[in-house]
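Heads up: the structure comes next, in structure tokens.
Readers should treat all values here as calculations from the given coordinates under stated rules, not as data from a laboratory. Keep in mind that this is a model prediction, so the values were computed, not measured. Cβ sites come from the backbone with ideal geometry, for glycine too, and all protein chains shown count toward neighbours.
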Amino acid sequence: MFIRHGEKPSDSGAPFGVNQHGKEDSHALSVRGWQRAGALTGLFKLAQQSEYPGLVTPAVIYATAPNSDSHSTREYNTAQPLADALSIDVNVDFPHGHEHHLATHIVGQGDDTLVVWHHGELPAAIGEFPIVNKQDIPSAWPEERFDLVWVLKRDGDSSQYTFSQLNQRLLDGDKS
């Protein structure tokens, strides 16, 4: 399962980004982004009981970490509340630009996985998987959408995946 980080601050003015301590931080989530991160905890923790086909409770969570190319903490901020609720660590071993290595690692392990990534690289990350319906994958993550889940479901015992897209429907204004 792949999601974009929660909502980000405005490029100029409000809404501002705030870190987990409530201090202004342009690299962190906006207040709405923190609300989404909390709501995602319920969505994924109760995934098997939900009306969202293909969602499962992840055993492993990946997020990009800040580095010299990208100082954003938004991916990690979005993943951490769910990881805390599931008592697992967020894996931050794969930075932006290493989508091939991330995909190879995920395919090799076979665990139910959630990836919280920068939306600009999500199509490239998804494209690294052996997917039977590649033509259904959008060429770009919609710039204004923070409320999607891209799901790859393994076809039985096959090494192939099927792509689908779900709307989160978690916050006011999310598309249904």
Original post:
Using a simple spin-label model with points 7 Å from Cα along the Cα→Cβ vector, what separation in nm is obtained for Glu24 and Asn67?
Top reply: 3.0
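Around Leu43, what is the net charge, scoring Lys/Arg as +1 and Asp/Glu as -1 over all other residues with Cβ under 13 Å from its Cβ? Don't skip to the end; give the middle numbers.
Numbers: positive: Arg36, Lys45, Arg169; negative: Glu51, Asp147, Asp174.
Every neighbour counted, the sum reads 0.
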**OP:** State the antiparallel share, in %, of DSSP beta bridges confined to the chain, rounding to the nearest 5.
**Re:** 45
**OP:** Rank the residues Tyr76, Tyr62 as a footprinting-exposure proxy: fewest other Cβ atoms within 10 Å of their Cβ go first.
**Re:** Tyr76, Tyr62
**OP:** Could you pull out which residues in segment 6-39 have an amide N less than 20 Å from a spot 7 Å beyond the Cα of Lys45, following the Cα-Cβ vector?
**Re:** 6-7, 20-21, 32-39
Subject >> Within segment 96-160, GluC sites (Glu not before Pro) in DSSP loop having at most 12 other beta-carbon neighbours inside 10 Å >> reply: Glu143, Glu144
Subject >> Distance (nanometres) between label positions extended 7 Å along Cα→Cβ at Asp172 and Gln135 >> reply: 4.2
Original post:
Taking neighbour Cβ counts within 10 Å as the exposure measure, how do His71, His27, His118 sort from fewest upward?
Top reply: His71, His27, His118
Subject >> Sites His100 and Ser164 - FRET efficiency at Förster radius 22 Å, r taken between beta-carbons, to 0.05 >> reply: 0.50
**OP:** Could you let me know the centre-to-centre spacing of segment 119-176 and segment 50-69, using Cα atoms, in angstrom?
**Re:** 12
Subject >> Residue among Trp150, Ser68, Gly120 farthest towards the positive dipole end of the chain, charges placed on Cβ >> reply: Trp150
Original post:
So between Asp112 and Val92, what do we pick up on full extension, going 0.36 nm a residue minus the alpha carbon distance?
Top reply: 5.5 nm
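Once fully extended, how much extra length lies between Ser12 and Asp155, figured as 0.36 nm per residue of separation less the alpha-carbon to alpha-carbon distance? The partial results should precede the final answer.
Numbers: separation 143, 0.36 × 143 = 51.48 nm, distance 4.51 nm.
My answer for the length gained is 47.0 nm.
Counting Lys and Arg as +1 and Asp and Glu as -1, what is the net charge of the other residues whose Cβ lies under 12 Å from the Cβ of Ile88? Mind showing how you got there, number by number?
Details: positive: Lys45; negative: Asp84, Asp89, Asp111, Asp112.
Local net charge: -3.
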**OP:** Mind checking which aspartates and glutamates have their Cα closer than 18 Å to the Cα of Lys8? Skip sequence neighbours fewer than 8 apart in that chain.
**Re:** Glu24, Asp25, Asp69, Glu75, Glu121, Glu143, Glu144, Asp147, Asp172, Asp174
